[in-house]
Amino acid sequence: MKKIIIRASVLVLVLTLIIGMFSINAFADENKRQYVYDPAYLLTDEEYADLNDLAAEISEKYQCAVHFVTDDDPSLNLDNIQMYAEDLYLSSPALGWGESKDGFMLVLGTAERCYWLLAYGPYGNYALTDYGKDWMSENFLSHFADDDWYGGFRTYITDCDYVLSCAAEGKPVDIYYDEDIGPEGYGMAGIAGLIASFITCTVLKSKMRNVNMATRAENYLDTSNVEILYRYDQYLYTDVDRVRRETDNDDDSRGGTTVNSRGFSGKGGSF
Amino acid sequence: MERSVTNYQCLSCNGPLHFVGESGMLECDYCGSKFSVEQIDQVYGKKEQTPPPTFEEKAETHWDLSGLSENWEGEEVKMRQYSCPSCGAQLLWEESTAASHCPYCGNPSVAPEQFGGMLRPDYVIPFELSPEEAKKALKEFYKGKKLLPKEFASGNRIDKLQGVYVPFWLYDGKAEADIHFLGTISSTRREGDYDVISTSYYDIHRVGAVPFERIPVDASVKMPDEYMDSLEPFDYGKIRPFSMSYLPGYLAERYGLSPKQCMKRADSRAQNTARDVLRSDVRGFGSVSVKSESIYLDRGKVSYALLPVYILNTKYDGKDYLFAMNGQTGKFVGDLPVSKKKYWTYFLSVFAGVTAVIGTALTVFL
């Protein structure tokens, strides 16, 4: 933990210096901000400049910062990458947009080949849902798996553009938003309609008749003289069944964003 | 053979008397006099002991009657011949009819011999409601029936309305039940990613005595059993010892099915209810089912009673519709026709509405 904090502080210092090198007014003028950081040197200068311009354009358009950070430290792994990414995001004034620090950040640990994609801030968490993170991860991981760093980061940034454009229209990328309910959905609605109309008409039809053979004689019980003469309940045996619980991960029908107590939502793994 | 029937006549003007449920008295159609059942019983009880001579004794047989037969065997409906004491008309009543009207003079008549000896009812529940109330009840019955054809509900569709004293056997007895139930209690606890469901099984043993009083079973061949069952319950608090004075003005039938023929239905109802009573004593289990049972019926006294029922007939679309009302409590039963047009209108409306709502919900929320 201590090591991570030290590493995060060092990285903040490095980032600040890099930003200072590119622009003296980096913090004052949003137009010249740095959005992508590549201390692991995975990108060429041209690639770096291209991706930073693209990230800047999208961030400014939607007022939600789009970042990515690379790191080749061998101590960065699946167990600590989330904490590392969140600490870095909170401690660096260069990350996020505005006071609420709305933004997305992808951290890539190249030594252990792990990643963490996070969203922060009310708008950041609204725009990048759990489903959106799954969808984006699937897209960029196929590039990183082949060590296609530029392709992976470009896919990440263009996907951020799509996700933010959907959120701007009031429909963040979420479960089923990207598809019609399809024939199965219409079939389900039709079957539900048929069942509902059958039940309604059966109830209405049953009201048309009230003639039935009697099978009971409860009205003719001599209740004062009913006697229960013997009662005995004997335990026989117990059956035990184990049924796997349905977890949130099993239920892919839920939408929205799961936000932790620090205000982040995220997804990570290895590639 | 020709038999006699009795007209109950006004003690003041000799006009015909009939029993009126609302007042509980016999009333004269002509002078409006009212007489209690006890008064009329006193007068007619004596008359019935010494029946007056009938026309049969005075008639001369000059005509050749050899080709005529009194043998009704082979006929689907067996008939009996009576002579009306008011106008002398020859009346043909179905064998089971015990009270009716003379179609010529309209006088209500009772055939006392139908209730003689073993056939005499023990009890009667007098009519308390009038035919007008039966008509009103039919109108009420139409209310809220969304599938009722409009033409059926509109106007007066009653072809025939008749108050009938229907014969019932009333069975007393006791069911002694010894039942083993299988009961379960389930609990669920969580262990990691699994739900562990424990189900404990119990043998639940109950023994009980369940007495019954007067389970009614319709003893008429003509009345549909399910209609008579549906009219229950009758209020036995107002049951009276039988008197023919309650019958004038209504149809009355003698039983067509013997107590033995009806016994099975009473037995089945008693057994089912005994099982229910013991089942209701089993508490605290999640599910309970019968494992084995032995129900012994200690059959008791059977009584014979006439119970008041209004029968209403109507025709619609070439089909007969029958309704019945409990003449004591006003409970109304019957099967109404279903309008196919309305049925399919509702079906399609609900189908379209629900499909549209669910389709929209799937599109918006998923």
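If you take the residues of the range B:144-203 that are in contact with a His (Cβ under 9 Å, 6 or more places away or on another chain) and hydrophobic (A, V, I, L, M, F, W, C), which of them is nearest to B:Gly327 (Cα to Cα)?
Taking the range B:144-203 and keeping what is in contact with a His (Cβ under 9 Å, 6 or more places away or on another chain), we get B:178-181, B:203.
Next, from what is left, pick out any that are hydrophobic (A, V, I, L, M, F, W, C): B:179, B:181.
Values: B:Ile179: 39, B:Phe181: 41 Å.
Taking the candidates together, the pick is B:Ile179.
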Legend entry - All positions within the range B:323-351 that are under 30 Å from B:Gly21 (Cβ atoms) and either more than 9 Å from chain A (Cβ to nearest Cβ) or open to solvent by 70 Å² or more (accessible area, probe 1.4 Å) (or both): B:Phe323, B:Met325, B:Asn326, B:Gly327, B:Gln328, B:Thr329, B:Gly330, B:Lys331
Inset, instruction - Tell me which of these B:Ser245 doesn't satisfy, since it passes every other one: (1) open to solvent by less than 20 Å² (accessible area, probe 1.4 Å); (2) closer than 15 Å to B:Glu176 by Cα; (3) of a type in the set (S, T, N, Q). - result: (2)
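Report yes if some residue within the range B:197-214 is of a type in the set (Lys, Arg) and on the phi > 0 side of the Ramachandran plot; otherwise report no. Walk me through how you get there before you give the answer.
Of the range B:197-214, the ones of a type in the set (Lys, Arg) are B:206, B:214.
Narrowing further to those that are on the phi > 0 side of the Ramachandran plot: B:214.
Checked the range B:197-214: at least one residue is of a type in the set (Lys, Arg) and on the phi > 0 side of the Ramachandran plot.
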Inset, instruction - Tell me which of these A:Glu179 doesn't satisfy, since it passes every other one: (1) at pLDDT 90 or above; (2) within 25 Å of the chain's Cα centre (by Cα); (3) closer than 25 Å to B:Thr360 by Cβ. - result: (1)
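Residue-wise test of (1) open to solvent by less than 10 Å² (accessible area, probe 1.4 Å); (2) at the interface with chain A (Cβ under 10 Å from one of its Cβ atoms).
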{"residue": "B:Lys145", "(1), (2)": "no, yes"}
{"residue": "B:Gln162", "(1), (2)": "no, no"}
{"residue": "B:Gly183", "(1), (2)": "yes, yes"}
{"residue": "B:Ile197", "(1), (2)": "no, yes"}
{"residue": "B:Val217", "(1), (2)": "yes, yes"}
Inset, instruction - Would you be able to say whether some residue in the range B:237-256 is outside the structural domain of B:Glu95 (by TED's automatic domain parsing), under 20 Å from B:Asp122 (Cβ atoms) and free of Cβ contacts under 8 Å to residues at least 60 places away in the same chain? - result: yes
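Right, B:Met223: closer than 30 Å to B:Ser339 by Cβ, open to solvent by less than 40 Å² (accessible area, probe 1.4 Å), in contact (Cβ under 8 Å) with a residue 24 or more places away in the chain and in a loop (DSSP other than H, G, I, E, B) or not?
Details: closer than 30 Å to B:Ser339 by Cβ: yes; open to solvent by less than 40 Å² (accessible area, probe 1.4 Å): yes; in contact (Cβ under 8 Å) with a residue 24 or more places away in the chain: yes; in a loop (DSSP other than H, G, I, E, B): yes.
The answer is yes for B:Met223.
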Inset, instruction - Examine the range A:222-229 for a residue that is among the hydrophobic types (A, V, I, L, M, F, W, C), within 7 Å of chain B (Cβ to nearest Cβ) and open to solvent by 100 Å² or more (accessible area, probe 1.4 Å), and state whether such a residue exists. - result: yes
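Can you pull out the residues in the range A:220-236 that are assigned to a strand (DSSP E or B), closer than 12 Å to B:Ala209 by Cβ and of a type in the set (A, V, I, L, M, F, W, C)? So that I can check it myself, show each step before the final result.
Of all residues in the range A:220-236, those assigned to a strand (DSSP E or B) come to A:221, A:227-236.
Then keep just the ones that are closer than 12 Å to B:Ala209 by Cβ; that gives A:221, A:227-230.
Passing the criteria: A:Leu221, A:Ile228, A:Leu229.
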Inset, instruction - Pairs only if they're at least six apart or on different chains, beta carbon under 8 angstrom, first in the range B:129-150 and over 24 Å from A:Phe198 (Cα atoms), second open to solvent by less than 50 Å² (accessible area, probe 1.4 Å) and in a helix (DSSP H, G or I); list them, first residue then second. - result: none
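The values are calculated or read from the model by the stated rules, or taken from the named source; none is laboratory data. Everything numeric here is computed off the predicted structure, so don't read it as measured data. All Cβ positions, glycine included, derive from the backbone under ideal geometry; neighbour counts span all protein chains shown. Side chains are part of the model used for accessible areas, which takes the heavy atoms of the whole protein and leaves out ligands, DNA and RNA. Shrake-Rupley method; radii C 1.70, N 1.55, O 1.52, S 1.80 Å.
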